[in-house]
Structures are given as structure tokens and as C-alpha cells.
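Student: What follows is a single structure, and I will ask about it in a moment.
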Ligand SMILES: Cc1cc2nc3c(=O)[nH]c(=O)nc-3n(C[C@H](O)[C@H](O)[C@H](O)COP(=O)(O)O)c2cc1C
């Protein structure tokens, strides 16, 4: 509907990345506009309905964490046809994040590298935003740099969400890596379990070699033993990037896709069919979504694909999935996952 690739994207890409990003956010905050466009973007195929750890979804395409860190335009994202939104990552206190430049594009390979480091307005201000514009289905991504901070953030945010995703995997926030230690991770889950009432997800880091695989799958095993309801696989890949002020950041977009499929398959093998898996990393079209679902994902999440493909990306994926169901005589997305 909107001439995104021909007109809006070149305009946005002529600006420095973070400025373009802020402009995009301002446009998405025009709630009435997206509500008006909703009938065009939203898919109503009942075959796409599914559930994620008991959360009912109209389709399996979600917005990944980081797109709306402060929960300022989540209803607009649902109007674009997403089946659910992940708001945040929210931290307990407001944070500046890392110094700029902290977001760069690689248009040829349709990727981004960011070193944002959790800039955000903090839990209380996010809760006020959610009170002003409630949204469902909503998963809130939370994090903290200490155990106490992480658990307290979880405690404050969970009542407002349908489920919570623990972000232990952003590569740009050094303190977060303490939760990759099996014992610290277990303690985090013990303390969260003592409080929680809703589905709990853990977002894992990606890996590219056997050593990384073993470490991450050990976290997945612990998560399963501790009763976590789902794994989101995965976050951005740590890379060196001299254009960023801090010299390194997290890679997102197309180059992640093959790893995403492999990691989803590994995680599915590890957890069996008792817990949910969300595929995240480089997904931006129906073929990629289908591949992720076929390798064991229950849903797909995306962020960079929204920037490169524009506001029609969820619609185009949902339509492609509907077409596939019809062509293969499948009644629902659950059936597709069983084939
Ligand atoms: C600018 C930017 C900010 C992000 N912020 C977060 C975040 O706050 N929390 C999080 O769990 N992931 C964050 N991510 C990672 C995404 O949620 C996702 O895991 C990653 O980008 C791979 O998916 P994609 O290729 O579809 O973007 C961020 C990604 C980008 C590009």
C-alpha cells in the first residue's frame, strides 16, 4: 500500500541510521493512521491462528524485542498484521545506552549492526505507556545488569504482559554476560520462578561453532529443567564494526538466517515438543518463515526485515503462509509444523 521500497526507504536511508529510526518511530506513533490502514495489513485467515505457550495468536509472526523498547507504538505494530509484539527490552532504571554512532546499515546484505546497549526510559515510564495504550498479545522483554535488578524488573513488568522474555543475550551490554554462567542463570530462573504467574521465555545468544553450541544448549537444558515455557532463538551476532563508536556491535538481518534455522533445529531437538521455540534472525519473507517453522519453530519474530521490507512485511509473510496451507491441503499452522 505505502510505496515503501520505491520512495520511503530511500528517503529514510539517506539519513543517519538512528535519525531514520527515530523518524520511523514518530510515524508509528500516529496511532490513528495505522488503525485506518489495519484492514489492509491484517490477515484474517483462521488457519493461521496458533498459540504460543497458551497465548492465543491470530498468526505466528511476531515483532522482535528492540523495535519498540519503550512500548510507545505497539498497537500500530499489531495493526501492521503482526500476530504478537515483544516490547522492550525494559530495564528497571532509565539508561542512556552506549555513545553514538551506535547503529549502522549494510544495505547490500540487508543487515544492521547496533551497539545501542539498552537505552530506555525505565520500567515505571514504560508501565505508564502501557497503561495509556494497552496491547495484546504482548510479551515484554526484560533485563538487568545484576540479579536483583533483573528480578525486580521482571516483578514490575509481568503483571502488564501476557508473557515475559528474559533477555540474557544482547551482546552490547557487558554485564549481561554474567547470566551465561550456568549457576547464575539457574539462580535467575529460581528467583523468577518464585514470582511468576505467566508464560516465561528465554532469549538465547546465537552460536557459530561447536563450543558455542555446547554452552548455549546447556543454558537451554537448564531453562527446560526449570520449567521455562519457550526459547527465542536468537539474539544478534557479536561482530567488530569500526563505524560504531565502541568498535563492536550485534549483527542482525539476512546474514543470520542460516544460523537461525540451524539453532532452531538444535533447540527443538534439545527440548522435544514440550516447550515453544520462537525463531528470530534474518527472517523477512514467507519462504524463510516456512523454513523456520519446518525446522521446529512455533512462531517467527523479526525486526530488521521490517526496516528493509517495510510495513507490509508481516502481511506478506502471513499471506505466503496462507497460500502454502491452501496449496498443501493443510487446515492450520499447527498441521504445517507437524509435516
Ligand atoms: C536496533 C536493534 C535493537 C535491538 N534491541 C534489542 C533488545 O532491546 N532486546 C533484544 O532482546 N533484542 C534486541 N535486538 C535483537 C532483535 O530482537 C533480534 O534478535 C535480532 O535483530 C535478529 O532478528 P532480525 O534479523 O529479524 O532483526 C535488537 C536488534 C536491533 C537491530
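Student: Across segment 299-320, what is the number of residues that are away from the ligand (no atom under 13 Å from the Cβ) and surrounded by fewer than 24 Cβ atoms within 10 Å (Cβ to Cβ)?
Tutor: Residues meeting the conditions: 7.
Student: Would you check if there is a residue in segment 195-205 being over 20 Å from the mean Cα position of the chain (by Cα), more than 19 Å from residue 268 (Cα to Cα) and surrounded by fewer than 17 Cβ atoms within 10 Å (Cβ to Cβ)?
Tutor: Scanning segment 195-205, I find at least one residue that is over 20 Å from the mean Cα position of the chain (by Cα), more than 19 Å from residue 268 (Cα to Cα) and surrounded by fewer than 17 Cβ atoms within 10 Å (Cβ to Cβ), so the answer is yes.
Student: Checking the conditions here, which among 144, 163 is within 16 Å of the ligand (Cβ to nearest atom), in contact with a helix residue (DSSP H, G or I) (Cβ under 7 Å, 6 or more places away or on another chain) and in contact (Cβ under 8 Å) with a residue 40 or more places away in the chain?
Tutor: After applying the criteria, what remains is 144.
Student: Read through the list (1) surrounded by fewer than 21 Cβ atoms within 10 Å (Cβ to Cβ); (2) farther than 18 Å from residue 302 by Cα; (3) within 18 Å of the chain's Cα centre (by Cα), then give the number of the only condition that residue 110 fails.
Tutor: Among (1) surrounded by fewer than 21 Cβ atoms within 10 Å (Cβ to Cβ); (2) farther than 18 Å from residue 302 by Cα; (3) within 18 Å of the chain's Cα centre (by Cα), the lone unmet condition for residue 110 is (2).
Yes/no matrix, rows are residues, columns are (1) closer than 12 Å to residue 89 by Cβ; (2) more than 14 Å from the ligand (Cβ to nearest atom):
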position: 109; (1), (2): no, no
position: 124; (1), (2): no, yes
position: 135; (1), (2): no, yes
position: 140; (1), (2): yes, no
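Student: Same structure, new question: When you scan segment 62-77, do you find a residue that is surrounded by 24 or more Cβ atoms within 10 Å (Cβ to Cβ), farther than 30 Å from residue 248 by Cβ and within 17 Å of the chain's Cα centre (by Cα), even just one?
Tutor: Checked segment 62-77: at least one residue is surrounded by 24 or more Cβ atoms within 10 Å (Cβ to Cβ), farther than 30 Å from residue 248 by Cβ and within 17 Å of the chain's Cα centre (by Cα).
Student: Just give me the residues in segment 113-140 being over 15 Å from the mean Cα position of the chain (by Cα), in a loop (DSSP other than H, G, I, E, B) and farther than 10 Å from residue 70 by Cβ, in sequence order.
Tutor: Residues satisfying the conditions are 115, 116, 117, 133, 134, 135, 136.
Student: Can you give me the ranges of the strands (runs of 3 or more DSSP E) entirely in segment 58-111 with at least 2 residues that are under 13 Å from residue 307 (Cα atoms) and either at pLDDT below 95 or touching a strand residue (DSSP E or B) at 6+ places or on another chain (Cβ under 6 Å) (or both)?
Tutor: Result: 103-106.
Student: Scan segment 243-274 residue by residue and report those that are crowded, with 23+ Cβ neighbours inside 10 Å and either closer than 24 Å to residue 334 by Cβ or more than 16 Å from the ligand (Cβ to nearest atom) (or both).
Tutor: 260, 263, 264, 267, listed by residue number.
Student: Which residues, taken from segment 231-242, are more than 12 Å from the ligand (Cβ to nearest atom) and in contact with a helix residue (DSSP H, G or I) (Cβ under 9 Å, 6 or more places away or on another chain)?
Tutor: Hit for segment 231-242 is 231, nothing else.
Student: Check 93, 148, 131 and return the single one that is surrounded by fewer than 20 Cβ atoms within 10 Å (Cβ to Cβ) and more than 23 Å from residue 72 (Cβ to Cβ).
Tutor: 148
Student: Select from segment 283-296 the residues that are in contact with a strand residue (DSSP E or B) (Cβ under 9 Å, 6 or more places away or on another chain), within 13 Å of the ligand (Cβ to nearest atom) and free of Cβ contacts under 8 Å to residues at least 40 places away in the same chain and list them in ascending order.
Tutor: Matches in segment 283-296: 283, 288, 292.
The values are calculated or read from the model by the stated rules, or taken from the named source; none is laboratory data. As the structure is a computational prediction, the values presented were derived from the model and not from experiment. Methodologically, a virtual Cβ is constructed for each residue, glycine included, from the backbone with ideal geometry; neighbour enumeration extends over all protein chains shown.
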